[in-house]
Amino acid sequence: MFLKKSLVIISCIISIALSAQSKEYEVIVPELKNPWGFVFLPDNSMLINEKSGKIIHFKNGVKTTIKNGPEIYLRGQGGLLDIELHPNFTENGWIYFTYASSIGEGRGGNTTLMRAQLKDFALINQEVLYKASPNSNRGQHFGSRIVFDSDNHVYFSVGDRGNRDVNPQDLTRDCGKIYRLKDDGSIPSDNPFVSVKNAKKAIYSYGHRNPQGLVMNPFTNEIWSHEHGPKGGDEINIINKAKNYGWPKVSYGVNYSGTKFTDKTYMKGMESPIHYWTPSIAPSGMAFINSDVYGNWKGNLLVGSLKFQYLSRCIVKKDKVFKEVKLLEGIGRVRSIEQGLDGFIYVGVENLGIIKLLPQ
């Protein structure tokens, strides 16, 4: 009898220990529908972009809706998208947003970069820094992520807007590009196409399909991006000045019907991805682990999967993805990823909220 009770107690202890070990996350901000982007303010509160157009301030369990947000063109994949703080936010208070807007030429909408400041839970001093044109009624491929480099240039991505055979390879047209501006929206004099006749002067790189990941590699100061392929061919790229990333001339993907639109995965003069997925995982959100919280995970790259609903931990060696490990399997559509001020990784999951990834 004593032996049986002891075995039961031991079994319970093991069960509790395994349960504790298997807990991968903690919900921090519940009940969010589509947290497309979020950022931490210096006081550790959060600003969260809901794709529907609502900007939420979250602190100590309290959600407050920010007033005077931009007017959003809500269609398909378009809406209120990314959010990022200026590197000198504590001095200047600038917050940067990407969103779909109907202002400007043509019917429909297109991706816009705006900056504003926050006062008494309202946006003030709004300035539109760039508006992709023309507008389109198509609902796909708006991009769009924001990142700053060490010189305070702001980079942002705009997808091809579903017009793959025209926009990505044409320097005179917006869309299918990654752009670089000074923080006030002016064009840097050393942008690669400033002297090219009729080219869009803000373009930094081109030949992109739909980049929904854009980060600064904190270990190399390189800009890394990922983008959606069609049926197969999602990519991770290191973004370099003036480079052509090939879409749709080269791809590891095929049409959604299964037919081919190109038979080439490589062409001279076009950049090859450092990693690709076939089948597509539908990547969204991207962050490097740059803290000691997760032990030997430091230096790993995290990428969210919308399609398969997990977080991919990419082990990177010499600018190549050496191995992938799936985390948070089945949690839901992973939309956004950020490292917090405390060194923990936070993940925005559709129809769940923002969660904290716990060390395993």
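Only the coordinates and a few stated rules stand behind these numbers; no lab work does. Because the structure is a prediction, the values reported are computed rather than measured. Quick reminder, even Gly has a Cβ in these numbers, built from the backbone with ideal geometry, and neighbours come from all protein chains shown.
Taking the 0 to 90 degree range and rounding to the nearest ten, how far is the long axis of helix 2-22 tilted relative to the main principal axis of the chain, both from C-alpha atoms? So the inclination is approximately 10 degrees. Restricting the GluC sites (Glu not before Pro) of the range 294-360 to loop positions (DSSP other than H, G, I, E, B) with no more than 11 neighbouring Cβ atoms within 10 Å leaves Glu329. By other beta-carbon atoms within 10 Å, ranking Ser284, Ser272 with the fewest at the front produces Ser272, Ser284.
Counting charges near Phe288 (Lys, Arg +1; Asp, Glu -1) among other residues having Cβ under 12 Å from its Cβ returns a value of 0. Checking the cross-link pairs Lys54/Lys298; Lys264/Lys320; Lys131/Lys177; Lys59/Lys182; Lys298/Lys320 against a 23 Å limit on the alpha carbon distance flags Lys54/Lys298; Lys59/Lys182 as lying beyond it.
Across the range 24-38, coupling constants 3J(HN,Hα) worked out from phi with the 6.51/-1.76/1.60 Karplus curve, θ = phi - 60°, read 8, 8, 10, 6, 9, 10, x, 6, 10, 7, 8, x, 5, x, 7 Hz, and Gly and Pro carry x.
Nearest 500 deg cm²/dmol is fine: what mean residue ellipticity at 222 nm does the chain get from its DSSP H runs of n ≥ 4 alone, each adding -39,500 (n - 2.57), divided by its residue count? Calculated mean residue ellipticity at 222 nm is -2000 deg cm²/dmol.
Stretching the chain fully between Asn92 and Ile124 yields a gain of 10.2 nm (0.36 nm per residue, less the alpha carbon separation). Answer rounded, prolate or oblate for the range 288-360, using the Cα gyration tensor with square roots of eigenvalues a ≥ b ≥ c: rounded when a/c is under 1.5, else prolate when a/b is larger than b/c, else oblate. Oblate, because a/c is 1.5 or more while a/b does not exceed b/c. Both the radius of gyration and Dmax for the range 75-152 are 13.5, 39 Å, in that order, over alpha-carbon atoms.
Maximal additional length on extending the Lys63-Glu24 stretch stands at 11.6 nm, based on 0.36 nm per residue less the C-alpha distance. Each residue, Thr220 and Lys264, gets one label point 7 Å from its Cα in the Cβ direction; the gap between the two is 2.5 nm.
Its relative contact order, with pairs defined as Cα atoms under 8 Å and 6+ residues apart, puts the range 207-246 at 36 percent. Computed over the range 195-311, relative contact order equals 23 percent, with contacts defined as Cα pairs under 8 Å that lie 6+ residues apart. Glu105 sits among other residues whose Cβ lies under 14 Å from its own Cβ, and their net charge, with Lys and Arg +1 and Asp and Glu -1, is +4.
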